[in-house]
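Working notes for the structure below.
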Protein chains: 2
Amino acid sequence: MATVLKGSEVAHAFDAEIIDKSKSLRTKGIDPTLAILRVGGREDDISYEKGVARRAEKVGVSIRNVVLPADVEQSALVQAIESLNADTSVHGVLMFRPLPGHIDENLVRNVLVPTKDIDGITDLVLASVFTGTGVGYAPCTAAACMEILDHYDIDPKGKKAVVVGRSLVVGKPVAMMLLSRNATVTIAHSRTEGLSSVTRDADIVIACVGKAKMLGASYFSAGQIVIDVGINVDEGDTLVGDVDFTAVKSIVGAITPVPGGVGTVTTGVLVKHVVDAAIKTLGQ
Amino acid sequence: MATVLKGSEVAHAFDAEIIDKSKSLRTKGIDPTLAILRVGGREDDISYEKGVARRAEKVGVSIRNVVLPADVEQSALVQAIESLNADTSVHGVLMFRPLPGHIDENLVRNVLVPTKDIDGITDLVLASVFTGTGVGYAPCTAAACMEILDHYDIDPKGKKAVVVGRSLVVGKPVAMMLLSRNATVTIAHSRTEGLSSVTRDADIVIACVGKAKMLGASYFSAGQIVIDVGINVDEGDTLVGDVDFTAVKSIVGAITPVPGGVGTVTTGVLVKHVVDAAIKTLGQ
C-alpha cells in the first residue's frame, strides 16, 4: 500500500518559517499583502480565493480583493493592474485565469511587474523558469509539486519523471524544475500514443491533465511516486484528481491524495512567495 | 542503410524564397542587414562567421562585422549593442557566445531589442519559445532541426522524441518546438541513467551534447530518425558529430551527417530570420 503524501504535512512544515518572516516584517512596519484580482464570479476562483484567505490569515499575510465584472473592458483591467503595480503596500498579485474571451490574456498578464508576479504568469518570470536563472517566483502549483518531493526527501536526480500535461501553469514549468534538478524528464499529453506504457516506465509521475480519474491502475507500476495535480469533480459530485486514487494506491510506492495533496501546498507556496516578495522590498 | 538527411537540400529548398524576399526588399530601398558581434577571436566563432558570410552573400543579405577585444569592458559591449539597437539599417544581430567570463551574459544578452534578436537569445524571445506564443525568432540551431524534419516530411505528432542535451541554444528550445508539434518529448542529459535505453526507445533522437561520437551503435534501433547537432573535432582532427555516423547509419532509418547536416541549415535559418525581420520593419 502506498505512502500517502499529505499536503498538510508539507505546508505545515514551512508555515512556521513564513509566520516568523511575516512577524519580522511587521516589526519593520511592513504588512505583507497579496492582492487577488478576479474578473467575474467563477465558482472555482471564489473557492480558491477562500482557501488562500484562510491560509493567508494563518501566516499573517493580508489580502486585498479586487473584483471586476466579467464584461470589464480590457483597458480597465490593465489600469487595475497598473494601480497594483504602483501601490507600494501590495507585494504580490494573484490574477485568476483564464480571463474572459474578449481579453488579450498574453498582453494583460505582462502588464504585471515581475517583482509582484508571485505566481509566474509574466513572460520574464516564465523565461527564468525556462532558462533556469531563478529570477522571480515559479507558478505556485509547479513549485508545490517540488516542495512535496523535497519534503518527503525524494531526490529527482537521475530519475525518470513523466509529466502528463503541458500547460504553462503546471506541466511545462514543473518539467523545467525537474530538469534543473537533474531528472530525465518526459512531457506527455493528450496526443501521446501509448500513454500508459510511458507513465508505467517512470519513477515519478506528475499528473496535470485536468480529467477526472483519467489515469487508472493500468498506467502505474510498483514503487512509483505519483503527484496528482488534478482537481476535478466526478459524476458523483465528488472532488477527485487526475489519478484514480483508490485503484492506484495499492500499486505505487507513494501518492498525493485529492483533496489534501498538491492544492494544500499550492496556497502555502503562494503566501510564502508574497512574504518573500515583501522581504525583497526592504531597504529599497 | 539509413537515408542521409542532407542539410544542403533543406537549405536550398528555402534559398529561392529568401532571395525573392531580399530582392523585393531592395526594390523598396531596404538592404536586409545582419550585424555580427564578436568578442575576441575564438576560432569556432570566426569559422561560423565565414559560413554565415558566404550564405548571406548568396541570398542577398548584407553583413556588418563588429569585433571587440576579448577584454572589452562590459559597458562598452552594452554600448555596442545599444548602437545596433538604434541603427535602423541593421535588422538582426548575431552575438557569439559564450562571452568572456568577466561579462554578465544574462544581463548583456537582454540588452538586445527582441525585434532584432534573430537567434533567440533574449528572455522575451525565449519566453515565447517556452509559452508557444510564437513571438520572435527561435534559436537558429533548434529551428534548423525542425526545418530538417519538415523538409523530409517527418511529422513529430504522436512520436516519441528524445532530446539529448538541455542547453538554451538547442536542447530546451527544440524540446519545446517538438512539444508544440505534439511529439511526446523526453529531455535527457549527462545525468540521465541508462541513456542508451532511453534513446533506443525513441522514434526521433536529437543529439546535442557536444561530445564527439558519444552516441554509438548501442544507443540506436531500427527505423529511427537521428538529427545530429554536434560539431566536434575528434582525436584525428576530423569534424564529427555527437553520433558515431559510420556505426549508426546501418542501424537507423535516417540520419543527418556532420558536416553537411544541421550546421548547413542553421546558417540558412539565420539569414531567413534577418530577411523576415527586415520585412517587419516595412511600413513602420
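Structure summary
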{"quantity": "Qualifying positions in segment A:151-162 - more than 10 Å from chain B (Cβ to nearest Cβ) and β-branched (Val, Ile, Thr)", "calculated": "A:ILE154"}
{"quantity": "Selection status of B:ILE206, surrounded by 19 or more Cβ atoms within 10 Å (Cβ to Cβ) and within 24 Å of A:VAL198 (Cβ to Cβ)", "calculated": "yes"}
{"quantity": "Residues located in segment A:110-120, provided they are more than 13 Å from chain B (Cβ to nearest Cβ) and surrounded by 23 or more Cβ atoms within 10 Å (Cβ to Cβ)", "calculated": "A:LEU112, A:LYS116, A:ILE118, A:ASP119"}
{"quantity": "Residues satisfying the stated conditions in segment B:125-170, i.e. of a type in the set (Gly, Ala, Ser) and either buried (at least 22 other Cβ atoms within 10 Å of the Cβ) or in a helix (DSSP H, G or I) (or both)", "calculated": "B:ALA127, B:SER128, B:ALA138, B:ALA142, B:ALA143, B:ALA144, B:ALA161, B:GLY165"}
{"quantity": "Any pair with Cβ under 8 angstrom, 6 or more apart, that starts in segment B:121-142 at a residue that is within 10 Å of another protein chain (Cβ to nearest Cβ) and within 15 Å of B:VAL274 (Cα to Cα) and ends at one that is part of a helix (DSSP H, G or I) and among the small types (Gly, Ala, Ser)", "calculated": "B:VAL135/B:SER128"}
{"quantity": "Matching residues in segment A:118-140 - criterion: being in contact with a Ser or Thr (Cβ under 7 Å, 6 or more places away or on another chain) and over 11 Å from B:PHE130 (Cα atoms)", "calculated": "A:GLY132, A:GLY134, A:VAL135, A:GLY136, A:CYS140"}
{"quantity": "Scan of segment B:171-203 for residues that are among the charged types (D, E, K, R), at the interface with chain A (Cβ under 10 Å from one of its Cβ atoms) and not in a loop (DSSP other than H, G, I, E, B), ordered by number", "calculated": "B:LYS172"}
{"quantity": "Of the criteria (1) surrounded by 15 or more Cβ atoms within 10 Å (Cβ to Cβ); (2) modelled with pLDDT under 95, which one B:GLU43 fails", "calculated": "(1)"}
{"quantity": "Count of segment B:209-255 residues which are among the β-branched types (Val, Ile, Thr) and surrounded by fewer than 14 Cβ atoms within 10 Å (Cβ to Cβ)", "calculated": "3"}
{"quantity": "Evaluation of B:THR88 against (1) touching a residue at least 40 places away in the same chain (Cβ under 8 Å); (2) over 23 Å from B:VAL275 (Cβ atoms); (3) over 19 Å from the mean Cα position of the chain (by Cα) (one fails), failing number", "calculated": "(2)"}
{"quantity": "Complete set of residues in segment A:1-57 that are within 21 Å of A:LEU239 (Cβ to Cβ) and of a type in the set (Phe, Trp, Tyr)", "calculated": "A:TYR48"}
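The values are calculated or read from the model by the stated rules, or taken from the named source; none is laboratory data. In this text, all values refer to a predicted model and were calculated from it rather than measured experimentally. Note that we place each Cβ from the backbone using ideal geometry, even for glycine, and neighbour counts take in every protein chain shown.
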